[in-house]
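Take a look at the structure below.
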DNA sequence: GTCTATACGGCGATAGAC
DNA sequence: GTCTATCGCCGTATAGAC
């Protein structure tokens, strides 16, 4: 028989996983204490016991998913091809869909917005610092194209593409992606040295 | 005494204006039949009479505001400095805030999303067509930087900047804007010819 | 501590009265 | 055309079982 602590962890994980799944499948609007409880196989009151407000629940999902992502990105930033790693991470569709869901959610949930903003600032600064040193190797001029601008663009472009495609706008996307990938091929060739 | 038709138009306009104002001030989540009715000075049932679902109400606001904007942008696209006009339009803060509100809203309101997607595709194609002919004048290579990619970027960058700043992320924004404006200064100098 | 059951006011939506 | 009554679901609060 599992201990009380193990059961607690188990149910907490189930609640967080159920919430994330609901957000991806049906949007944050479908996240209610009752729907989460049903999907996680617990009582609705229990969800509210651990997460007194829905904001707390959303922030819990955000933190549990983001901490790991930030670690991975910081590693990638110190890897062989940080720019390409950043580009590919932002192109990850399910991760981007969840981030967009949180951005939409944050629009008028200040508590959620703060957590996203902090995480975004933290990871961007880390990546910028990691790639700045390589600018001479890339053959790029810091004044013409500063590292922070490129890091912003490599994250923003795929996200905006996915956001627009979700709405039914597609014009210019393939061309933009092609431009960026030709750029990456030039400054970060696949075969190192 | 105003005619019945005039009163109808008057109340409809009041409802649409109240809805848009509520979206900008407190977010689409605050838009309810009761709140719109209170702000517009009509009965809640009347709002629902004209807009049977909230989706209908949102689409009404979207259409009433967007048709005019699209006209203006198409004119701008045929103007002296189409790229700069596009860039400045996307940098308009209140318009972008409302668009972002609708994008967030559309995430799981398919009816609203379709209207935005159609409008986005329409205006982008119009702008691309308007600027394509000038590519040789700009001194740009259609393969290196296709018109559709640049049009996408000029709209997407300011929107993502505003979106992130609303969440508390600022890193790289000023640098990115500076890069784009140096580019515009080069291909579309302020003094023509 | 963990967890369940129940109650309350507000919401979108519907049907139908005037 | 205009407005009210009503329904089911929501977030929230609380009382109490284990």
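The values are calculated or read from the model by the stated rules, or taken from the named source; none is laboratory data. Since the model is a prediction, treat every value here as computed from it, not as a measurement. Backbone-built Cβ (ideal geometry, glycine too); neighbour counts: all protein chains shown.
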What number of residues within region A:107-138 are at the interface with chain B (Cβ under 10 Å from one of its Cβ atoms) and outside any helix (DSSP H, G or I)?
3
Would you please name the residue that is farthest from residue A:188 (Cα to Cα), looking only at residues in region A:63-91 that are touching a helix residue (DSSP H, G or I) at 6+ places or on another chain (Cβ under 9 Å) and outside any helix (DSSP H, G or I)?
A:78
Per-region count, region B:62-87, residues closer than 25 Å to residue B:166 by Cβ and more than 12 Å from the chain's Cα centre (by Cα):
3
Checked against (1) within 15 Å of DNA strand D (Cβ to nearest atom); (2) in contact with a helix residue (DSSP H, G or I) (Cβ under 6 Å, 6 or more places away or on another chain); (3) not in a helix (DSSP H, G or I), residue B:48 satisfies every condition except (3)
Please tell me if residue B:13 is within 16 Å of DNA strand D (Cβ to nearest atom), under 30 Å from residue A:27 (Cβ atoms) and in a helix (DSSP H, G or I).
no
Before we move on, is residue A:57 in the same structural domain as residue A:160 (by TED's automatic domain parsing), within 15 Å of DNA strand D (Cβ to nearest atom) and part of a helix (DSSP H, G or I)?
yes
Residue among A:104, A:171 that alone is surrounded by 22 or more Cβ atoms within 10 Å (Cβ to Cβ), over 19 Å from residue B:171 (Cα atoms) and facing chain B (nearest Cβ under 9 Å)
A:104
Qualifying positions in region B:18-63 - loosely packed, with under 14 Cβ neighbours inside 10 Å, over 27 Å from residue B:93 (Cβ atoms) and more than 13 Å from DNA strand C (Cβ to nearest atom)
B:41
Is region B:88-96 home to any residue that is within 14 Å of chain A (Cβ to nearest Cβ) and either more than 24 Å from residue A:29 (Cα to Cα) or within 16 Å of DNA strand C (Cβ to nearest atom) (or both)?
yes
Some residue of region B:24-44 being in a loop (DSSP other than H, G, I, E, B), in contact (Cβ under 8 Å) with a residue 60 or more places away in the chain, at the interface with another protein chain (Cβ under 9 Å from one of its Cβ atoms) and over 12 Å from the mean Cα position of the chain (by Cα)
yes
